Amino acid sequence: MPRNKNTRVLALDPGTRETGYAVLTSRYDLITWGIKTFRRRKEPHKMLKEARDTIERIIDVEKPDVLAIETTFRGRWRNISRLEVLVEEFMDLGKKKRLKVYGFSPLTVKRVICGNGRATKRRLSKIVTQKYFPSLKRYYRYKHTYSRRHWQHAFDAVAIGLTYFRLRRE
């Protein structure tokens, strides 16, 4: 891509219940961000279809050039295989839509944004608000644990987008 093009990145923090998303430009402008919540369903294929359709609508509306996504790591969560499938679905969708697709591990995102791969999600949110987007401070300061956890997905998506721009100099 040419250097003078203002690259648009759709950054995703995938989750089986909530997926955080953010659209940023190469000038560190935050175009939009938020969380998409998926209804709890017993059938995983219905949740995957709903998630895929939701992200496809975001791609069609926002018209990004790049998809940056947080990849999974092996953990002890019972939904990890479902999450891995979801990440693959989103990556396949990005390729189908002819986007450049990049995956970043949580460790990489924390190392690039916080300078420490073991930083907490709360620390990551604080740095995103202090260093890059002070206007997001009101979402960082929620007192209720549920609200903080809910918005954390969106902060993670913003951090993933920033990681793309910090690591992929165009």
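What follows is calculated from the coordinates using simple rules that are stated; it is not laboratory data. It should be emphasised that the depicted structure is a prediction, and the values quoted were computed from it without experimental measurement. So basically every Cβ, Gly included, is an ideal-geometry build from the backbone, and we count neighbours across all protein chains shown.
Each residue in Asp156, Asp53 was given a count of other beta-carbon atoms within 10 angstrom of its own, and listing them fewest first yields Asp53, Asp156. Restricting the stretch 1-63 to chymotrypsin sites (Phe, Trp or Tyr not before Pro) that sit in a DSSP loop and have at most 13 other Cβ atoms within 10 Å of their own Cβ leaves Tyr28.
Using a simple charge model, +1 on the beta-carbon of Lys and Arg, -1 on the beta-carbon of Asp and Glu, nothing else, what dipole does the stretch 8-167 show about its Cα centre, in debye to the nearest 20?
Magnitude of the dipole: close to 740 debye.
The stretch between Lys5 and Glu84, if pulled fully straight at 0.36 nm per residue, gains 25.2 nm over its current Cα-Cα span. Go ahead and run the numbers for FRET between Leu167 and Lys46, Cβ-Cβ distance against an R0 of 30 Å, rounding to 0.05. The formula returns an efficiency of 0.30 here. Size of the stretch 87-135: Rg and Dmax of its alpha carbons, in Å, are 13.9, 36.
Take the convex hull of the alpha carbons in the stretch 8-167; its mean projected area over all directions comes to 8.9 nm².
What's the exposure ranking of Ser26, Ser81, going from fewest to most Cβ atoms within 10 Å?
Neighbour counts put them in this order, fewest first: Ser81, Ser26.
With the charge dipole of the stretch 8-167 set up from +1 on Lys and Arg Cβ and -1 on Asp and Glu Cβ about the Cα centre, the Cα lying farthest toward the positive end among the listed residues Leu99, His150, Pro64 is that of His150.
Extending 7 Å from Cα along the Cβ direction at Arg111 and again at Thr54 yields two label points whose distance is 3.0 nm.
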